[in-house]
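Asks: Here it is: the structure, laid out below.
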Amino acid sequence: MDKASLRVQYLEKRKELTIEEVREDSMKIADRLIQLLAQKPPYHLHIFLPYIVRNEIDTLLIGEAIKAQFPEVQLVVPRVVPGTRLMEHFLFTSETPLLINRWGIAEPDPHTSQPIEPELLDAIIIPLLAFDQLGYRVGYGGGYYDRFLPLCRPDALKIGVSLFEPIPQIEDIDEYDVRLDYCLTPQNTWRW
């Protein structure tokens with residue numbers, strides 16, 4: 001299937017999940033992430049803040065689990081630069097002031113938050129709607145992560161998180177698509 005068809009299909013599949021299912025599956029993904037990072041915890045871990053109304057994986061729960069297991073890890077979250085398809089990144093703590101963007105997603109206040117440059121990131125948790133067995137993902141279609149990931153160090157881990165298992169292959173992958181290193185689902189850890 002192509003990306004556009006997969007977006008429609010997987011947004012619908014996520015809509016069918018209950019809040020409890022998403023929460024339970026998010027905790028299973030958090031456990032998998034802890035196992036993955038146990039040998040070499042990152043210093044700077046980039047996570048996205050969840051788009052709750054679309055039943056996105058609860059990365060706040062994942063962030064709490066990571067901080068409980070690895071207190072030294074510094075969480076970093078993105079903010080979309082208004083009027084662009086670019087993101088900037090900020091340290092995320094319990095004191096970070098958050099603002100709600102035009103999509104209803106919480107973001108750090110850029111005036112009071114500490115910026116973090118992409119090259120400082122050791123691992124990036126990447127949102128997606130679907131992924132394939134070759135390690136490619138389908139996002140929401142804005143290209144934000146496809147622009148952001150090349151700015152990170154080549155050795156930074158690119159870790160997708162998905163509520164669903166992979167499809168065999170996304171048909172319309174192009175040169176701008178960045179391949180994942182891992183994708184975590186409630187049932188499996190996929191590696192490429």
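Asks: Which condition does Glu119 not pass, out of (1) surrounded by fewer than 15 Cβ atoms within 10 Å (Cβ to Cβ); (2) touching a Lys or Arg at 6+ places or on another chain (Cβ under 6 Å); (3) over 24 Å from Cys183 (Cβ atoms), if it passes all the others?
Replies: (3)
Asks: Within the set of pairs 6+ apart or on separate chains, which have a first residue in the range 156-175 that is over 30 Å from Glu119 (Cβ atoms), a second that is at pLDDT below 95 and surrounded by 14 or more Cβ atoms within 10 Å (Cβ to Cβ), and C-beta atoms under 7 Å apart?
Replies: What qualifies is Ile167/Met1; Glu171/Met1.
Asks: Right, here's the next one. Suppose we keep only residues that are assigned to a strand (DSSP E or B) and touching a Lys or Arg at 6+ places or on another chain (Cβ under 7 Å) within the range 76-89. Which one would you say is nearest to Leu120 (Cα to Cα)?
Replies: Result: Glu88.
Asks: Given the conditions (1) farther than 23 Å from Tyr144 by Cα; (2) buried (at least 21 other Cβ atoms within 10 Å of the Cβ), which single one is not true for Arg79?
Replies: (1)
Asks: Now, a different point. Going residue by residue through the range 31-40, is there one that turns out to be farther than 20 Å from Asp181 by Cβ and either in contact with a Cys (Cβ under 9 Å, 6 or more places away or on another chain) or of a type outside the set (D, E, K, R) (or both)?
Replies: So far as the range 31-40 goes, no, none of its residues is farther than 20 Å from Asp181 by Cβ and either in contact with a Cys (Cβ under 9 Å, 6 or more places away or on another chain) or of a type outside the set (D, E, K, R) (or both).
Asks: Take the residues in the range 156-192 that are assigned to a loop (DSSP other than H, G, I, E, B) and polar (S, T, N, Q), then tell me which one is nearest to Ile124 (Cα to Cα).
Replies: Ser162
The values are calculated or read from the model by the stated rules, or taken from the named source; none is laboratory data. Quick caveat, the model's predicted, so the values are computed rather than measured. Neighbour counts run over all protein chains shown; Cβ positions are idealised from the backbone, glycine included.
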